[in-house]
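Beneath this line is the structure, given in structure tokens, with notes to follow.
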Amino acid sequence: MKLQFNPMEYPYPSRRTAVYGRKGMVATSQQPAAQAGLDILKKGGNAVDAAIAAAACLTVVEPTSNGIGGDAFALVWMKDRLHGLNASGPAPAGISIEQLEASGLTEMPVYGWTPVTVPGAPSAWAALSERFGRLALAEVLAPAIRYAEEGYAVSPTLSYFWSMAFERHRKEMEPELFGQWQGTFTVNGRAPRPGEIWSSPDHASTLRAIAESGAEAFYRGGLAEQIDAYSRANGGYLRAGDLAAYRPEWVEPISSNYKGYDVWEIPPNGQGIVTLMALNILKGLEPETMNDARICHRRIEAVKLAFEDGLWEVTDPAFMESGAVQRLLSEEYAARQRERIAEEALLPGTPPIPTGGTVYLCTADDEGNMVSYIQSNYMEFGSGLVVPGTGIALHNRGHSFSLNPAHHNALQPGKRTYHTIIPGFLSRDGQPIGPFGVMGAFMQPQGHLQVLLNTLDEGMNPQAALDMPRWRWESGRKVLIEPSFPEDLAEALRQRGHELEIGSNPGMFGRGQIIWRDPGTGVLCGGTDPRTDGCVAAW
């Protein structure tokens, strides 16, 4: 049978149904990764083991959005409480604004070595496994190693984004560096088509070294030396010393209460606080007294106001003002922000926000453990750099840094930047409801807000909440909407001053997953976004 390449249709005409399970569940954007996580559960692993297995698989089966050389965050419900893990890495010790300005840069570039920060994803796998895992890391990473060695059939949505990334990399990258990327991430010199097999033996070897060493090889061993050598040979700033000094950080999650539910996010340097600020603004309003247009208008305005603060203040918490998080999440501050919402669209002074590439997954087991996990190379394949002989695609997370020394998120050596990837979690009265997330750069807080409100205001199940048409605030009064967005609602928003445009592809609106647990029966209900090749694997 000859395989035909059909560009992905947008929007998808079909809708999935919610999936139910009792003994375990794994939801993510690629079926092989979800199935790998479920297999680990069936082997006696817990929700954390399943999450690590799925995350490692996703570096292979969805390399357009994440990789071994990216960052990660996790929220873990275990032992009757929620734990947070920040596995985002800092800028190299040898980089500075002065150096970049002297080289002629006025802003952080997208590609090449300059935006590369210390990758945190391998450290997340090791830290989660050591603290909460039940199975050996080598057993948990075995499915990912197998997929990398033997290959897998590329799915349609993945092929679509791979093709876009290929064209962008070919146009924007230096030929020599693009050649290294092309030699790793193409089939016959081009992006793989739906149904074609892609494999990466180098990727498999790297995963095996991480599994056998508990990620020590990546940070303080042979892989670190290879990364260092490639950086030095190409004028990069990242060094083996930066990798050796890095450790992920266990953090206390932050939350806001909305209609009796506690919504949890990772604290800065993550942007989850933007979701919480928007919720705080909205919970002082009374949606039952408004029509759909007024409700949607106020949600958009709340997002604008939250981003106005987030994009200016959020950065490495060591560089934020003391008490900034408490101030931004206070009821008094939310009340002042609420008063700024008028009947017409605001014109905030925030810059346009770009798209990006990320994967999200969530897991649950029959012991009540649940994981909300997110992992990213930031913008598609990240920096475009692939360390020779390793399959490691390095992220470009440093692109988020400002070169304005007065900005809270100004580049500094050893500093972590404003981070877009955010896992979410929902609880009520101290009991877990479950994990949720929507990937997609600066769409993520907006996606979190929309699926939460679909759930808590509209009473939708996970799949229905993810299926609903989305909007995405861009900048000023500009708002992107999906083609399936109701036209009458769109026209009503235009009448309020919003400048609406139809988004050109589903990547602009994020792709998410949700798992809720029924507090009475323990039955799990999951959903996965129709905008991706997702799967909810249940047991």
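Observations, loosely collected:
- Between His419 and Gly270, Gln271, the built amide H atoms are under 5 Å apart, and every one of these is 5 or more places off in sequence or on another chain.
- Projecting the Cα atoms of Phe442, Ser383, Gly507 onto the charge dipole of region 364-520, computed from C-beta unit charges around the Cα centre, puts Ser383 farthest toward the positive end.
- Rounded D (µm²/s) - region 75-137, Kirkwood Rh over Cα pairs, Stokes-Einstein at 25 °C, 0.890 mPa s: 167
- Inter-part distance, region 377-408 to region 88-102, computed on C-alpha centroids, equals 12 Å.
- Binned Cα-Cα distance frequencies in region 128-280 - 10 Å width, integer %: 9, 22, 29, 30, 10, 1
- In nm, spacing of pseudo-spin labels at Arg232 and Thr521 (7 Å Cα→C-beta vector): 6.2
- The fraction of all Cα pairs in region 118-157 landing in successive 5 Å bins from 0 to the largest distance is 5, 19, 20, 19, 16, 14, 5, 0, given as whole percents.
- Length added when fully stretched, Thr106-Glu252, from 0.36 nm per residue minus Cα-Cα: 49.0 nm
- Cα-Cα over 29 Å, subset of Lys23/Lys79; Lys42/Lys79; Lys42/Lys259; Lys42/Lys415: Lys42/Lys259; Lys42/Lys415
- Evaluated at q = 0.08, 0.09, 0.12 Å⁻¹: base-10 log I(q)/I(0), Debye formula over Cα of the chain: -0.46, -0.59, -1.10
- Region 21-117: GluC sites (Glu not before Pro) falling in loop per DSSP and having at most 11 other Cβ within 10 Å: Glu107
- The chain - percent of accessible surface contributed by carbon and sulfur, probe 1.4 Å: 49
- Here the calculated FRET efficiency for Asn291 and Glu98, from their Cβ-Cβ distance with R0 = 51 Å, stands at 0.40, rounded to the nearest 0.05.
- Of the trypsin sites (Lys or Arg not before Pro) found in region 270-346, those in coil by DSSP whose Cβ has at most 16 other Cβ atoms within 10 Å are Arg340.
- Using every pair of distinct Cα positions in region 1-152, the Kirkwood expression returns a hydrodynamic radius of 18.1 angstrom.
- Neighbours of Trp473 by Cβ distance under 12 Å: Lys/Arg scored +1, Asp/Glu scored -1, total +1.
- Gyration tensor over alpha-carbon atoms, region 379-435, equivalent ellipsoid semi-axes in Å: 31, 22, 9
- Straight-line reach from Lys478: taking Cα to Cα under 16 Å and skipping same-chain neighbours fewer than 8 places apart, the lysines in range are Lys304.
- Extending 7 Å from the Cα toward the beta-carbon at both Met164 and Arg220 defines two label points whose distance is 4.1 nm.
- Inter-label distance, nm, simple model (7 Å from Cα along the C-beta direction), Ile502/Asp488: 1.9
- Pairwise FRET efficiency - Lys43 versus Val187, Cβ, R0 = 25 Å, nearest 0.05: 0.20
- Net charge dipole, the chain: roughly 540 debye, given to the nearest 20, about the Cα centre with Cβ charges of +1 for Lys and Arg and -1 for Asp and Glu.
The values are calculated or read from the model by the stated rules, or taken from the named source; none is laboratory data. In this text the structure is predicted, and so the values were computed from the model without any measurement. Counting neighbours? That spans all protein chains shown, and the Cβs are built from the backbone with ideal geometry, glycine included. Remember, those area values only see protein heavy atoms, side chains included, never the ligands or the DNA or RNA. Shrake-Rupley method; radii C 1.70, N 1.55, O 1.52, S 1.80 Å.
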